[in-house]
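Inspection log for the structure reproduced underneath, given as structure tokens.
The values are calculated or read from the model by the stated rules, or taken from the named source; none is laboratory data. Small disclaimer: the values here were computed from a predicted structure and weren't measured. Don't worry about glycine lacking a Cβ; one is built from the backbone with ideal geometry, like all the others, and counts go over all protein chains shown. These accessible areas exclude ligands, DNA and RNA; they are computed on the full protein's heavy atoms, side chains included. Shrake-Rupley method; radii C 1.70, N 1.55, O 1.52, S 1.80 Å.
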Amino acid sequence: MQNIPFVDLKAQYNSIKVEIDSAISSVLNETAFIGGKYVKNFEEQFASLYGVKHCISCGNGTDSLYIIMKMLGIGVGDEVITVANSWISSSETITQTGARPVFVDIEPDYYTIDPELILSKITNKTKAIMPVHLHGQIANIERIKEICDSNKLFLIEDCAQSHFSAYNNNRAGTYGIAASFSFYPGKNLGAYGDAGCMITNDSELATKLKMYANHGSLKKHQHQIEGINSRLDGLQAAILSTKLPHILNWNEKRIEVAKKYSQHLADVGDLILPKVRPNSKHTFHVYVIRTKRRNELMQHLNNNGVQTAIHYPVALPNLPAYSYLNYKKEDNPIASQFQEEMLSLPMFPELSLQQMKYVVDTIKSFFEN
Ligand SMILES: *Cc1c(COP(=O)(O)O)cnc(C)c1O
């Protein structure tokens, strides 16, 4: 039996160990722990590689969503529309601002927010739409942007799972007023702890975001407003700067792994394989299959040493945390059905052909019996 992890952060560290160790030791030697040149360098490098004017770093990819909404003036009495199938950051940050999350179901083919279902959820309280480019797949962003423009709503993109994903060669995160990224260790670009950032082309907003993330001040003791403490630290910045030059290549490797999975799993059992939105670049943060026998298959893989995950086992509106909003499963039928069917297979750039074959063979053996 082999053991195939869901992600292998150690394999990636080993492949860049010399550079990483040297970056870490520079930060230690310079005691550049908070702020300073490593943070500034990473922000500049990320903005430049992404092709945007401003990158503002912060503590994690949840704070980044919250900070963007706060600095757009979203708060009590407002509503923000987001997607039913996502990580809880999508909705808990809306609540944190004082606003109310409004959930919209997903497109059955691409698992991202269904733009046509957004329209009926817009009220005079709606201030923003916050789609998530889930699994590495960009949402139907041109249609969502049209809806935002014609209803004068802010478009805030959650790119935590979609670093450098694109539609028509336009990168995820460049359609809205601002976008949020997470550098949680397992993300396509991951730090060695918590980290996140925001990007925007709006210079005035960029200044506010930067201020809010650092106690409402741009200069020490000059607090223009009250803010929070949500900073990227020097060590994480140096680690991210070291990893950044590899990200496009790592994404390509993920895409190759996904292609091979899709070749080998075509017509196996009742599996439904991920579809890539036409004209888009899916960066496969995760490779998600669907089957009516999800729990049994997951158990079988686990028994045979293959680690899997579920993104996500309970759609947001179905969580106990949102029982007060009184959503029923029928309100989001697709997300509610798919939460029972989705399964994420091992996915990381270093996953070898031989490991992938083992996963595939283990899946085939399940459906053959
Ligand atoms: C990971 C993730 C976040 C939050 O990121 P953290 O850095 O863990 O706070 C937000 N949204 C989505 C869709 C995510 O996958």
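Anyone know which of TYR358, TYR287, TYR111 comes out most mobile in the 10 Å Cα GNM of the chain?
Residue with maximal mean-square fluctuation among TYR358, TYR287, TYR111: TYR358.
In the Gaussian network model of the chain, springs joining C-alpha atoms below 10 Å, which of GLN263, GLN307, GLN45 carries the largest mean-square fluctuation?
The residue with the greatest mean-square fluctuation here is GLN263.
Would you please report the Å³ per residue occupied by the convex hull of the alpha carbon atoms in region 158-242?
107
Counting other Cβ atoms within 10 Å of each Cβ, which trypsin sites (Lys or Arg not before Pro) in region 315-363 have at most 10 and sit in a DSSP loop?
Listed in order of number, the matching sites are LYS328.
Using a cut-off of 20 Å between alpha-carbon atoms, which lysines can reach LYS220, once sequence neighbours fewer than 8 places away in the same chain are excluded?
Correct list for LYS220: LYS37, LYS40, LYS208, LYS210.
Tell me the per residue accessible area of the chain using a 1.4 Å probe; a whole number in Å² is fine.
42
Just list whichever of LYS145/LYS328; LYS145/LYS259; LYS187/LYS259 have alpha carbons separated by over 22 Å in the model shown.
LYS145/LYS328; LYS145/LYS259
What is the pair-distance distribution P(r) of region 48-143, computed from all Cα-Cα distances in 5 Å bins starting at 0, with each bin given as a whole percent?
Per 5 Å bin, starting at 0, the Cα pair percentages come out as 2, 13, 22, 22, 21, 13, 5, 0.
What part of the accessible area of the chain, given as a whole %, is carbon or sulfur when the probe is 1.4 angstrom?
Of all accessible area on the chain, carbon and sulfur atoms account for 50 percent.
Taking one equal scatterer on every alpha-carbon of the chain, how large is log10 of I(q)/I(0) by Debye at q = 0.07, 0.12, 0.14 1/Å?
-0.31, -0.91, -1.20
Given a Förster radius of 30 Å and the C-beta distance between LYS364 and SER15 as r, what FRET efficiency does 1/(1 + (r/R0)^6) yield to the nearest 0.05?
For R0 = 30 Å, the calculated efficiency reads 0.50.
Using a Förster radius of 22 Å, what is the FRET efficiency between SER203 and GLN224 based on their Cβ-Cβ separation? Nearest 0.05, please.
Efficiency, from the Cβ-Cβ distance: 0.90.
Most mobile of ILE177, ILE225, ILE20 per a Gaussian network model of the chain (Cα springs, under 10 Å)?
Ranking ILE177, ILE225, ILE20 by mean-square fluctuation puts ILE225 first.
Could you state the orientation-averaged shadow area of the convex hull built on the Cα atoms of region 264-306, in nm² to one decimal?
For region 264-306, averaging the hull's shadow over all directions gives 4.0 nm².
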